[in-house]
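All remarks here apply to the structure that follows.
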Amino acid sequence: MRIQPGDVFSHADMCHAEGLSLQRGMNFRPGGRRSVILMSLRKGSPYADRIEDAGQTLIYEGHDIPQTKRGPSPKSVDQPEFSEKGTPQANGRFAQAARDFKNGRAPAELVNVYEKIKVGIWTFNGVFRLVDVWQETAEQRQVFKFKLVLADDLEENDPAARPDLAHNRMIPSAVKLEVWQRDEGKCTMCASTDNLHFDHILPFSKGGSSLLAENIQLLCARHNLAKSDRIE
């Protein structure tokens, strides 16, 4: 199943697209496939993810220990890199990949990034490269921070990619939510609620903004393809 930045999914459809049961936010090479990260910038999100450089850079916070019945609050202890047996946790696997890249031992890890825009609704933000990792103090504990940069060149080298995706930038979460509410979660052309996509009315490569809801609309796959066929 081919997916493109801006595609909208239910959780079940997202899992189908990846061929995985995505129950965790950090998924390092599941089944030998490309790594997957689930992020959220919504108010009340459990982790402090953020977007920088007009959507080109993602700063992703590592994950806490699981909540257990008699254990400490996950927010009261350092985020783990290894289990008690010394096995790398998700934080550790992503951290090692980032260190390998920084030290020239491996190319940057490619990561598919999905963003939760509201309950039950996710969007594909694109493919990112994992380029850095560090730890910082947050509320008297140590948390991991991962830096990922948008891999635009993957789209530029793909002859099947839509013309406006070669220079695509992530649409801010607030804009996505505004557009979703304005368009009532339906294609603006036919009112379909299936196979939706956040579409730039004026493509980014032609000067269209990702920052204005006025330049973003919801289109179904059929009308999104029909529009792309008209772009010169």
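Remarks
- In this simple spin-label approximation, K118 and H16 carry label points 7 Å from Cα along the Cα→Cβ vector, and these lie 2.1 nm apart.
- Gap separating the Cα centres of the stretch 183-221 and the stretch 93-145, nearest whole Å: 27 Å
- Residue-span extension gain [D53 to L177] - 0.36 nm each, minus C-alpha spacing: 42.6 nm
- With 23 Å as the limit, the listed pairs K116/K206; K69/K145; K116/K186; K118/K186; K69/K116 have K116/K206; K69/K145; K69/K116 beyond it between alpha carbons.
- Positive minus negative residues near P30 (Lys, Arg vs Asp, Glu; Cβ under 10 Å): +3
- Taking Lys and Arg as +1 and Asp and Glu as -1, the other residues whose beta-carbon sits under 15 Å from that of T68 total +1.
- Remark: spin-label model distance V131-A151 equals 1.4 nm, labels positioned 7 Å along the Cα→Cβ axis.
- Accessible surface of the chain, 1.4 Å probe, proportion on carbon and sulfur as whole %: 50 percent
- Normalised Debye scattering of the chain at q = 0.08 Å⁻¹ gives log10 I(q)/I(0) of -0.31, counting only Cα atoms as equal scatterers and leaving out solvent.
- With each label modelled as a point 7 angstrom along the Cα→C-beta vector, the T87-L202 pair spans 5.4 nm.
The values are calculated or read from the model by the stated rules, or taken from the named source; none is laboratory data. What you see is a predicted model; the values in this text were computed from it and never measured. As a convention, Cβ positions derive from the backbone with ideal geometry for all residues, glycine included, and neighbour counts pool all protein chains shown. SASA here: full protein model, heavy atoms, side chains in, ligands and nucleic acids out. Shrake-Rupley method; radii C 1.70, N 1.55, O 1.52, S 1.80 Å.
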